[in-house]
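Worksheet for the structure shown next.
What follows is calculated from the coordinates using simple rules that are stated; it is not laboratory data. In this text the structure is predicted, and so the values were computed from the model without any measurement. Here the Cβ positions follow ideal geometry from the backbone for every residue, glycine too, while neighbour counts run over all protein chains shown.
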Amino acid sequence: RMGRSGDLRGEIATGFFKKKEKRAEGTLAFDDALLSALLGKTKVTREMATQIPTAAGCVNKLAGTVSQLPIKLYRREKDRVAEIFNDPRLKALNDDTGDTLNANEFWKAIIEDYFFGKGGFAYIRKEKGKFSGLCYVDEREISLQINNDPIFKDYNIMVRGQNYRPDEFFKIK
């Protein structure tokens, strides 16, 4: 039977003699959460994305590459740029963060949060006003409080009910 738009409804013509085949009408049920998300039925969560081998492999490759690259700091001096040596920030970014994570684990967590979450965050720890380390904070523990002023835009970072200023965090967004 032909519908108004000329398509076959409930029947598919197959083969040389146009034999009609009956098809069930209705909705399809998707047991696979990822397939359902790809088809627009649900939102892809971080947990779902990390279960995709290609996505997890790419993020692991990027994190491994970033963690192996030496990070350098530079200072502008009048007309030239000079590299900074013997700075505690270099040690935190390249070797020992001063937290429970080493530099490789730190960068892997930051890169994962960047790609699968809302960005990578690390608290800048200071002792007596001087830099002493970076403390990784899972992006799921972060909430941003943004003001609604269109001219003087500002925000605070909230971690488990505690307010922090943006300059107290190292952010990759």
Set of the stretch 54-88 residues, backbone N closer than 19 Å to the point 7 Å along the Cα-Cβ line of D138: 56, 60
Too-long pairs where the Cα-Cα distance tops 24 Å, listed order kept, from K91/K118; K61/K118; K43/K173; K72/K171; K43/K118: K91/K118
Per-selection metrics, the stretch 54-173 (Cα): Rg and Dmax in Å: 16.0, 47
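What is the sum of charges, Lys and Arg at +1 and Asp and Glu at -1, for the other residues whose Cβ falls under 13 Å from the Cβ of K126? Before the final figure, lay out each step's value.
Details: positive: R89, R125, K128, K130, R165; negative: E127, D167, E168.
Charge balance near K126 sits at +2.
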J(HN,Hα) series, the stretch 130-144, from Karplus relation 6.51 cos²θ - 1.76 cosθ + 1.60, nearest Hz, glycine and proline x: 10, 4, 10, x, 10, 10, 4, 10, 4, 4, 6, 8, 9, 9, 9
Under 5 Å, built H, 5+ apart or other chain: amide partners of D99: L134
